[in-house]
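Below you'll find the structure, written out as structure tokens, and then a few comments.
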């Protein structure tokens, strides 16, 4: 069961960071308005944490999205880096495991 929650956490984060496509349907926009906000996404991740995912796994996966070449497609979408910063800031506040180097982050910008 724990593996399912890890996979769900990863899918949720990728979906949030990617955001909506430019040609999204009205239905997709409506669902994103309801479920694609930081509050709803953080609640889904917290649910997964409650069921076996660790804060360290969440933070590690966020770092993977930021640095791994296989996620370069995700990072190219409009606003993806802002959403990634937003979700990382949220989990950085709630966990000591997300203490990544701020100097390294500043060097990227």
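At a glance:
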read-out	value
Qualifying residue in the range 18-29 (condition: touching a residue at least 60 places away in the same chain (Cβ under 8 Å) and under 18 Å from residue 84 (Cα atoms))	yes
Among (1) within 13 Å of residue 91 (Cβ to Cβ); (2) free of Cβ contacts under 8 Å to residues at least 60 places away in the same chain; (3) surrounded by 14 or more Cβ atoms within 10 Å (Cβ to Cβ) - the single one residue 43 does not satisfy	(3)
Among (1) surrounded by fewer than 16 Cβ atoms within 10 Å (Cβ to Cβ); (2) modelled with pLDDT of 90 or more; (3) part of a helix (DSSP H, G or I), the one test that residue 24 misses	(3)
Output for the range 1-17, where each listed residue is surrounded by 18 or more Cβ atoms within 10 Å (Cβ to Cβ) and either under 17 Å from residue 90 (Cα atoms) or at pLDDT 95 or above (or both)	9, 12, 13, 16, 17
Residues of the range 74-109 satisfying the condition of being modelled with pLDDT of 90 or more, surrounded by 15 or more Cβ atoms within 10 Å (Cβ to Cβ) and not in a helix (DSSP H, G or I)	77
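The values are calculated or read from the model by the stated rules, or taken from the named source; none is laboratory data. Just so you know, these numbers come straight off a predicted model, no measurement behind them. Reconstructed Cβ throughout: ideal geometry from the backbone, glycine too, with neighbour counts over all protein chains shown.
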